[in-house]
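Here's the structure we're looking at; comments come further down.
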Amino acid sequence: MRLRLFFLLPLLFICFFTHAVLVDTIQVKSKVMNKNIFCVVISPDKQINGASCPVLYLLHGYGGSYKSWLEVKPELPQLAEQYGMMIVCPDGENSWYWDSPQNSASQFETFVSDELIKYIDQNYPTVPNAAGRAITGLSMGGHGALWLAIRHQDIFGGAGSTSGGLDILPFSKNWKIKEQLGEQLSNKQIWESHTVINQLEKLRNGNLMIIIDCGDNDIFFEVNNRVHHKLCTLNIKHDYIVRPGTHNSQYWNNSIEYQILFFAKFFNNKLI
């Protein structure tokens, strides 16, 4: 079900002056969770006119929602138009984008990598394969994007993270992770298998185009460095960018432009 114009004046302003980009709020039914999930969908002009477009999925951080990315980067519609890509921002609650072994109402790996992908491909003109899909996110969403892309390399061809919590193991008392995975001490194997840094061995060089960035004063700077060095050890090519900055919207407002450019180049190379 589409709920167009959900964001009222700010998005009306965008649509009125660009005459090219459509920003929708939709609800996508999740059968696995038996509930509707809100998503923002940004469609560039050529897609509105029937041409197929690649899709970038943007995941929000802990405490955020499907509206967060437009709040962080109000220029997303212009960037979607500039690069000719569709942008989809799903709500992930505080799930860390896992299928929680503790909470049947939090099955967001299945929702994003299966149910949402199928809905978008069935209802919009897209490029329905990995060459036409990429996923990235901030903080919890950075973890989620790499978690999903590494585990579903047949679905996503590109993946990124900005300020991502790419290793949850040092943060057992934070962000209610234990509500998704259980207490760390009594569920050690589950915790170790649900952190991105321990999924990297599933990669093969060239199968997934990867970009990771993090501010040098970010709470996740050290875990991002560890992921970078492990990828180097595994001989997995990736872009790794360190900029001055901390864990805040100002950093993400800047970093996402570089990531969108990275994915635009990926799409162009794959789809020409």
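The values are calculated or read from the model by the stated rules, or taken from the named source; none is laboratory data. The model shown is predicted, which means the values in this text are computed figures rather than measured ones. Here the Cβ is made from the backbone with ideal geometry for all residues, glycine too, and neighbour counts use every protein chain on show.
Can you tell me which residue is surrounded by the most Cβ atoms within 10 Å (Cβ to Cβ) among those in the range 46-84 that are assigned to a helix (DSSP H, G or I) and at pLDDT below 95?
Our first condition is that a residue be assigned to a helix (DSSP H, G or I); within the range 46-84, this holds for 46-48, 68-72, 76-83.
Imposing the further condition that a residue be at pLDDT below 95 reduces the set to 46-48.
Details: LYS46: 16, GLN47: 24, ILE48: 14.
Step by step, filter the range 46-84, then rank; the result is GLN47.
Considering only residues that are of a type outside the set (Val, Ile, Thr), surrounded by 15 or more Cβ atoms within 10 Å (Cβ to Cβ) and touching a Pro at 6+ places or on another chain (Cβ under 9 Å), which ones fall in the range 191-231?
Once the filter is applied, which keeps residues that are of a type outside the set (Val, Ile, Thr), surrounded by 15 or more Cβ atoms within 10 Å (Cβ to Cβ) and touching a Pro at 6+ places or on another chain (Cβ under 9 Å), the range 191-231 yields HIS194, GLY215.
If ILE155 satisfies every condition in (1) over 24 Å from VAL88 (Cβ atoms); (2) not in a helix (DSSP H, G or I) but one, which is the exception?
Of the numbered conditions (1) over 24 Å from VAL88 (Cβ atoms); (2) not in a helix (DSSP H, G or I), the odd one out for ILE155 is (1).
Inside the range 95-127, can you point out the residues that are surrounded by fewer than 17 Cβ atoms within 10 Å (Cβ to Cβ) and part of a loop (DSSP other than H, G, I, E, B)?
PRO101, GLN102, ASN103, SER104, ALA105, PRO125 - these are the residues of the range 95-127 that are surrounded by fewer than 17 Cβ atoms within 10 Å (Cβ to Cβ) and part of a loop (DSSP other than H, G, I, E, B).
Filter the range 57-104 for residues that are among the hydroxyl-bearing types (Ser, Thr, Tyr) and more than 16 Å from VAL32 (Cα to Cα) and give the result. Walk me through how you get there before you give the answer.
So the first thing to find is which residues in the range 57-104 are among the hydroxyl-bearing types (Ser, Thr, Tyr), and the list is 57, 62, 65-66, 68, 83, 95, 97, 100, 104.
Result: TYR57, TYR62, SER65, TYR66, SER68, TYR83.
If you check every pair at least six apart or on different chains, which have Cβ atoms under 8 Å apart with a residue in the range 187-206 that is farther than 22 Å from GLY160 by Cβ first and a residue that is surrounded by fewer than 16 Cβ atoms within 10 Å (Cβ to Cβ) second?
ILE190/PRO101; TRP191/LEU169; TRP191/SER172; GLU192/LEU169; GLU192/ASN198
Taking the condition of being in contact with a strand residue (DSSP E or B) (Cβ under 7 Å, 6 or more places away or on another chain) and closer than 16 Å to ASN254 by Cβ, how many residues in the range 73-94 meet it?
To start, the set of residues in the range 73-94 that are in contact with a strand residue (DSSP E or B) (Cβ under 7 Å, 6 or more places away or on another chain) comprises 76-77, 80, 84-92.
Going one step further and asking which of them are closer than 16 Å to ASN254 by Cβ, we end up with 76.
Looking only at that region, the number is 1.
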